[in-house]
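Structure, as structure tokens:
The values are calculated or read from the model by the stated rules, or taken from the named source; none is laboratory data. Not measured: the values here are computed from a predicted model. A quick note on method: Cβ atoms are made from the backbone with ideal geometry, for glycine too, and the neighbour counts reach across all protein chains shown. Calculation scope for accessible area: heavy atoms of the full protein, side chains included, ligands and nucleic acids excluded. Shrake-Rupley method; radii C 1.70, N 1.55, O 1.52, S 1.80 Å.
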Amino acid sequence: MRIVFGLCTLIGLQLAGTAIQTSLGLLIPGPVLGMVLLLILLMLLGERLLKPIELVSNWLVQHLSLLFIPITVGVVVQAGQYKHDALLLICVATLGTWLAMIGCGLLLKRWIGQEEPPLT
Amino acid sequence: MTELIQSPIFAFALTLAAYGVGMSCYQLARCSPLLLPLVVSSALVTGALYVLPLNYTSYFAGNQIVHQALGPATVALAVPLYKQLSRIKPIVLPGLISIATGATLATALALVIAWSLGADATLLKGIAPKTVTTAIATQIAQLTGGNPSLAAGMVATSGIAGAVGANTIFHLLNITDERIRGLTLGICAHGVGTARAFEISPIAGAFSGLALGLSGLFIAFFLPMFLRNWLG
């Protein structure tokens, strides 16, 4: 029952997010707004809401990689149509992302400061 | 036999089995980033589609449920976020500024590299939203006149590149703080990076989810305006 209730809550909030998005004409996707709604609800209700949705939420979040498989396969299968600009696109996706990560990492280290990792 | 292979449940089972193999390889290789579950599983499925009498359209039809689950999974990112609130509160202001700056930097880098390699305006519009999650990227591309499927492809490739390179980069820069690891992955490698961050630790995952959401909101707000002014 907990899984059923949890899934219904998550999907309900996604739909609520999508309703807000379309009615206000926002660019922010429904599920992201749903995430904000759930966070607000969790802050208001605490354990009472956390307990019933925790199981299914943890499962979904732990297996995020699984959910990306169909769309990733699509990218690979349809990659042929961009072979013209392949080198450029690959450079941007790899080099661009890695340089951005180096920049972000350094920036965050400076602005937030590193916490000592817990001794294990 | 062909009928069996083209049935929706076979396509669904193919994804599950590929994921199972991918996860086992990852654990056997002691979590080597080269054998990222998403990379191995997607390669297996792609290989299977070449060998079997099954095209991508019917494969995807059988996997609608997997793809659709991305919606509730995104909503569910609020749960780890809620559990880490006590860790987030002390760094709200520097965190917000860093996320906004990081997202701007990541987008600018992508545009500068693409532009210096000779990309035209249409291509640039497809590349620009590459640092945000697929749902936002395709909408931005549509709004600004870029190609949504190119945007989705760039998002996926960047996410995988970020997830694969993460360990090396963190090691190189001596980044041991899981909050910073998570934020960096969420800003630069969005959903796939967040999946990777949860493989590192729940703290990294929560911060990655936070960065994914906030950088997405920030880019969704400013990027379309910028592209319209710059590329028309």
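Per residue of A:75-82, other chain Cβ atoms within 10 Å of the residue Cβ number 6 on average. Each of B:Gln142 and A:Ile20 was given a label point 7 Å from its Cα along the Cα-to-Cβ line. The distance between the two points is 2.0 nm.
Ranking B:Ser86, B:Ser201 from most to least accessible surface, computed with a 1.4 Å probe over the protein chains only, gives B:Ser86, B:Ser201. Among the residues of B:86-93, the average count of other protein chain beta-carbon atoms within 10 Å of the residue beta-carbon is 1. Per-residue shielding of B:221-228, expressed as the average number of other chain Cβ atoms within 10 Å of the residue Cβ, stands at 1. Taking all protein chains together and a 1.4 Å probe, the residues A:Phe68, B:Phe60, A:Phe5 rank A:Phe5, B:Phe60, A:Phe68 from largest to smallest accessible area. The relative contact order of chain A comes to 21 percent, based on Cα pairs under 8 Å that sit 6 or more residues apart. Rounded if a/c is under 1.5, else prolate if a/b is larger than b/c, else oblate: which is chain B, with a ≥ b ≥ c the root eigenvalues of its Cα gyration tensor? It is oblate, given that a/c is not under 1.5 and a/b is not larger than b/c. Accessible area per residue was computed with a 1.4 Å probe on protein heavy atoms; B:Phe222 scores about 100 Å². Surface listing: A:Asp85, B:Asp120 arranged by accessible area from highest to lowest gives B:Asp120, A:Asp85, probe 1.4 Å.
Compared with the dominant principal axis of the Cα atoms in chain A, helix A:2-24 is inclined by about 70°. Summary of packing: across the peptides A:17-30, A:70-83, the per-residue average of other C-beta atoms within 10 Å ranks them, highest first, as A:70-83, A:17-30. Which whole-number percent gives the relative contact order of the range B:1-152, counting Cα pairs below 8 Å spaced six or more residues apart? Once divided by the residue count of the range B:1-152, the mean separation gives 16 percent. Among the protein heavy atoms, those of B:Arg196 account for about 10 Å² of accessible surface (1.4 Å probe, every chain in place).
Note on B:Ser7 and A:Gln114: with the Förster distance fixed at 56 Å, the Cβ-Cβ geometry gives a FRET efficiency of about 0.60. Between B:Arg30 and B:Leu16, the modelled label-to-label distance comes to 3.3 nm, taking each label 7 Å out from Cα in the direction of the beta carbon. Annotation for B:Thr168 and B:Lys89: the two label points, set 7 Å from Cα along the Cα-Cβ direction, are 4.1 nm apart.
Less than 19 Å from a label point 7 Å out along the Cα-to-Cβ axis of A:Lys83: which backbone N atoms in the range B:45-69 qualify, by residue? Taking a point 7 Å out along Cα→Cβ of A:Lys83, the residues of the range B:45-69 whose backbone N falls under 19 Å are B:46-47, B:49-51, B:56. Relative to the longest principal axis of the Cα atoms of chain A, helix A:30-45 runs at roughly 40 degrees.
Working from Cα pairs under 8 Å separated by at least six residues, relative contact order for the range B:175-232 is 33 percent.
A protection proxy built from the mean count of other Cβ atoms within 10 Å ranks the segments B:96-108, B:18-30, most packed first, as B:96-108, B:18-30.
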